[in-house]
Amino acid sequence: MNATLRRTATIAVLMLLSTFVLPVRPAAAAAGGEAVVTKILWRVRVGTRPDLMTTLTAAERDGFPNEGQTFYLPAYQYSGTRPLYRLFNPNWYGHMDHMESLTPGEGGYQTESPVGYAYSAPSGAFGVSQYRRTFNNCNADHGSRSGWEPVKTCYVDEPLAAYGWARFANASSSALTLTGGGVTVESNRIKGGAIVHWTYGGVQYINNRDYGRQLQSAVFFARDNKTANPTEAGDMWTDASRPIWARHGSPVAAASNDTATLTQSTRSVPIEFVPGNFGGGPDNPVVYKDMLLGKDITLNWGGLGSVARYSTVFTSPALSNATIEVPTAYLRAEFNRYFTYNAISGTLTEVFPANNCPDQYRYVHYTPPNRGGVIIANGDLTRAMGVYGANVSVGGSVTEFLLGNFIGGTCGGGTGEFDFAASKWSVLRTGNLGSGTKVFNTWVMSGSVGSLTSYMNQLAVWGNG
């Protein structure tokens, strides 16, 4: 199985998939549980009053000022869902007004069409929250908001017995930060809680060109004769050139810091990275409603300063012959020297991954015979980021490591956070995964190459992994 299909081919794929027609509802649950094709609900401003209206079509969305995404709702009537209708009154207190309702014709309004199909209970899927219709006590307008948005002036909530995946309007960041051992990690709830910034010694390491980058996890398995790819942060429709209102982030189900233990925990409801494989598209994310994917990251692990234990946490139905990145990181292209390290023999080896632009799966594969890791460094080896783990043969979480070079060629140059060029390391765990919650431990670290090998030596002595 190609365990890293994604990310760097995004721009080319976007150019090819310029049109999309929503198919009939796909078949019910297969491997990995139910993959729910959703509709994005956008809120637009109609008129000068204004009437805050939830859109039914892309034409409506593009015809009015767009306040961004409020919810993902199932696009079809899956089990446990019911229609959420958009209603219309042409003369409500002297103005036209739209509102959502579970009841056709509520209050004498005209019934237009469902905006989607909401879950009837919060137990219907992981990570859903209550749909909030709002009412403006100053001008009598109805609108809506998600729980991630602040309350607008004069509006009060009218919660409905309807549940979906809440979004963040037009915000680009909802940050959760934690500092320890000289490292600051910043996770972005809009991107499923994936780590978007890892900063050490005044240097920020992570590339964020699209939501397939970051420091995060993803899963690969066979579903309906295709490769399914639930991804912690989001899907392919997230290139930095795409408007914020058009990007598909994975819903965040939980995000918190424990400052006493220096542990940050996040969980997302992962979405399919290539939604077109399972009935979705550029306006239709595909949500794996029966999965949670995220991490518990503990900074200053063992008092080693820039070393953090990274526990990938995955809840799912049973999966056969699956591969999970535990985790992967895309680094800014300043980091362009690649090393493997055997922490038992103390052997550091520089390797030279072939240019992977366009993506042809040209990775360096490294399987530690016992305990070890991989490192990506800058030119003079003074700044580097690495990951350590133990082989599954000695009770660890690692099947193999990958190193990838996405600098030059069709990926271009530049070393910025949003440039297309990047370097990649990945930790893979391959095999059958049982149902329920699984935890995989690796250790992420920054510093000079020399300090990273010392940290890995100490972790091996302690038997970590």
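Consider Thr382 carefully, then state whether it is without any contact (Cβ under 8 Å) to a residue 60 or more places away in the chain and surrounded by fewer than 21 Cβ atoms within 10 Å (Cβ to Cβ). In short, no. The residue that is farthest from Phe339 (Cα to Cα), counting only those in the range 433-458 that are crowded, with 18+ Cβ neighbours inside 10 Å and touching a helix residue (DSSP H, G or I) at 6+ places or on another chain (Cβ under 8 Å), is Trp443. Among the residues of the range 227-270, those identified as closer than 18 Å to Trp148 by Cβ, among the aliphatic types (A, V, I, L, M) and touching a helix residue (DSSP H, G or I) at 6+ places or on another chain (Cβ under 9 Å) are Ala233, Ile244, Val252, Ala255. In the range 213-233, of all residues being closer than 30 Å to Gly181 by Cβ and of a type outside the set (Val, Ile, Thr), the one that is surrounded by the most Cβ atoms within 10 Å (Cβ to Cβ) corresponds to Glu232. Residues of the range 290-321 that are surrounded by fewer than 23 Cβ atoms within 10 Å (Cβ to Cβ) and either under 17 Å from the mean Cα position of the chain (by Cα) or within 21 Å of Gly32 (Cα to Cα) (or both): Asp290, Leu292, Asp296, Ser311, Val313, Thr315, Pro317, Ala318, Ser320, Asn321.
The rows are residues; the columns are (1) in a loop (DSSP other than H, G, I, E, B); (2) surrounded by fewer than 24 Cβ atoms within 10 Å (Cβ to Cβ).
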{"residue": "Ala118", "(1), (2)": "no, no"}
{"residue": "Gln130", "(1), (2)": "no, yes"}
{"residue": "Gly147", "(1), (2)": "yes, yes"}
{"residue": "Val151", "(1), (2)": "yes, yes"}
{"residue": "Val156", "(1), (2)": "no, yes"}
{"residue": "Ser173", "(1), (2)": "yes, yes"}
{"residue": "Ser187", "(1), (2)": "no, no"}
{"residue": "Tyr211", "(1), (2)": "yes, no"}
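Looking across the range 354-379, the residues that are within 25 Å of Thr199 (Cα to Cα) and without any contact (Cβ under 8 Å) to a residue 60 or more places away in the chain come down to Val374, Ile376, Asn378, Gly379.
Checked against (1) loosely packed, with under 15 Cβ neighbours inside 10 Å; (2) within 23 Å of the chain's Cα centre (by Cα); (3) not charged (D, E, K, R), Pro74 meets all criteria but (1). Among the residues of the range 93-113, those identified as without any contact (Cβ under 8 Å) to a residue 60 or more places away in the chain, buried (at least 20 other Cβ atoms within 10 Å of the Cβ) and not aliphatic (A, V, I, L, M) are Asp97, His98, Ser101, Tyr109. If you go through the range 414-446 and keep only what is assigned to a strand (DSSP E or B) and out of contact with any strand residue (DSSP E or B) (no Cβ under 6 Å at 6 or more places or on another chain), you end up with Gly431, Gly436. Determine the pairs where a residue that is without any contact (Cβ under 8 Å) to a residue 24 or more places away in the chain, located within the range 314-332, has a partner that is of a type in the set (Phe, Trp, Tyr) and part of a strand (DSSP E or B) with Cβ atoms under 9 Å apart, the partner being 6 or more residues away or on another chain. Every condition considered, no pair remains. Inside the range 333-356, residues that are aliphatic (A, V, I, L, M) and part of a strand (DSSP E or B) make up a count of 2. Test Val394 against the stated conditions and say whether it is surrounded by fewer than 21 Cβ atoms within 10 Å (Cβ to Cβ) and either over 26 Å from Ala228 (Cα atoms) or of a type outside the set (Phe, Trp, Tyr) (or both). Criteria met by Val394. Please verify whether the range 340-359 includes one or more residues that are crowded, with 17+ Cβ neighbours inside 10 Å and in contact with an Asp or Glu (Cβ under 6 Å, 6 or more places away or on another chain). There is no residue in the range 340-359 that is crowded, with 17+ Cβ neighbours inside 10 Å and in contact with an Asp or Glu (Cβ under 6 Å, 6 or more places away or on another chain).
Where a number appears in this text, it was derived from the coordinates with a stated rule and is not lab data. On a predicted model such as this, the values are computed, not experimentally measured, just so you know. Reconstructed Cβ throughout: ideal geometry from the backbone, glycine too, with neighbour counts over all protein chains shown.
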